[in-house]
1. Against the conditions (1) surrounded by 24 or more Cβ atoms within 10 Å (Cβ to Cβ); (2) at pLDDT 80 or above; (3) not aliphatic (A, V, I, L, M), where does Gly206 fall short? Just the number, please.
2. Looking for something out of contact with any His (no Cβ under 8 Å at 6 or more places or on another chain), at pLDDT 85 or above, farther than 22 Å from Arg147 by Cβ and not charged (D, E, K, R) - is there at least one such residue anywhere in the stretch 7-23?
3. I'd like the full set of residues that are in a loop (DSSP other than H, G, I, E, B) and surrounded by fewer than 13 Cβ atoms within 10 Å (Cβ to Cβ), limited to the stretch 63-88.
4. Check the stretch 40-48 and report whether any residue there is basic (Lys, Arg), part of a helix (DSSP H, G or I) and under 21 Å from Thr154 (Cα atoms).
5. Out of the residues in the stretch 96-145 that are part of a strand (DSSP E or B) and polar (S, T, N, Q), which is surrounded by the most Cβ atoms within 10 Å (Cβ to Cβ)?
Amino acid sequence: MAEPDPQDSAGILFTRLAEVIYASAAFDEIYQALCSAAPRLVSGCDRASLMIADSGRYVTAASSDQIAGQVDALERQTGQGPCVDAISDEAAQIVTDLSVASPWPAFSEQVLSVTPVRGAAGFRLIVDDRKVGALNVFSDTPGALTRESADQATVLAAFASVSLSAAAHRERADSLQRGLESNREIAKAVGLLMAFYKISSEEALGKLRRTSQDLNVKMSEVAREVVQHHDRR
């Protein structure tokens, strides 16, 4: 019996994730769905959390498990870590082995001593040009988070940004589905455009929409071309 294609599995999961988001404008449900999906969509990720900035404080909005929430608590306690830096910095924050080298010595020391987490990364979320939080992914295996992991997490973070923006504007199933069309290619294209042009998720999605309209081509086809062009580089 042939093994299932990981890309197909990811596509199915994105579709199910989108269905959860389409069905509800409740932020807590969206946050939890994103964290629960991360270990299945990001290579090397064992657990994940989503922290948001709220009135100058960092709050864990959701986590895949208790340990991920504990790591977030250590970020708040030490005032340093992947989420804190991801929110304030444009670049993703990735440390594949906290025991070897880390820009967050106090945080890393605590994480290594009280949790099984050995690698951590943070990816900023932007809604309406505002830095609202970050998606954190954690690995229990040193070196398990790779460039591929970062690319996958960037796609998920872009998907999260667009989804949260839609919920913020009370957009429900019909308008959000037009934006994402249950299609991971669109989410990946949004992430690539955000990184290349240094723009928000809404601006990137707008670029895809305008190009789709100008060329009279489905947005999913435009997104596929963006992704294929990037992969050929």
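The values are calculated or read from the model by the stated rules, or taken from the named source; none is laboratory data. Quantities reported herein were computed from a predicted structural model and do not represent experimental measurements. Don't worry about glycine lacking a Cβ; one is built from the backbone with ideal geometry, like all the others, and counts go over all protein chains shown.
1. All conditions are met except number (1).
2. Quick first cut of the stretch 7-23, residues out of contact with any His (no Cβ under 8 Å at 6 or more places or on another chain) only: 7-23.
Subsequent filtering for residues that are at pLDDT 85 or above retains none.
No, the stretch 7-23 has no match at all.
3. Once the filter is applied, which keeps residues that are in a loop (DSSP other than H, G, I, E, B) and surrounded by fewer than 13 Cβ atoms within 10 Å (Cβ to Cβ), the stretch 63-88 yields only Gly79.
4. Initial filter on the stretch 40-48 (basic (Lys, Arg)): 40, 47.
Narrowing the set further to residues that are part of a helix (DSSP H, G or I) leaves 40.
If we keep only those that are under 21 Å from Thr154 (Cα atoms) too, we end up with 40.
Checked the stretch 40-48: at least one residue is basic (Lys, Arg), part of a helix (DSSP H, G or I) and under 21 Å from Thr154 (Cα atoms).
5. If we filter the stretch 96-145 for residues that are part of a strand (DSSP E or B), which is where we start, we get 119-127, 130-139.
Those left that are additionally polar (S, T, N, Q): 136, 139.
Values: Asn136: 30, Ser139: 26.
Once the filter is applied, the top-ranked residue is Asn136.
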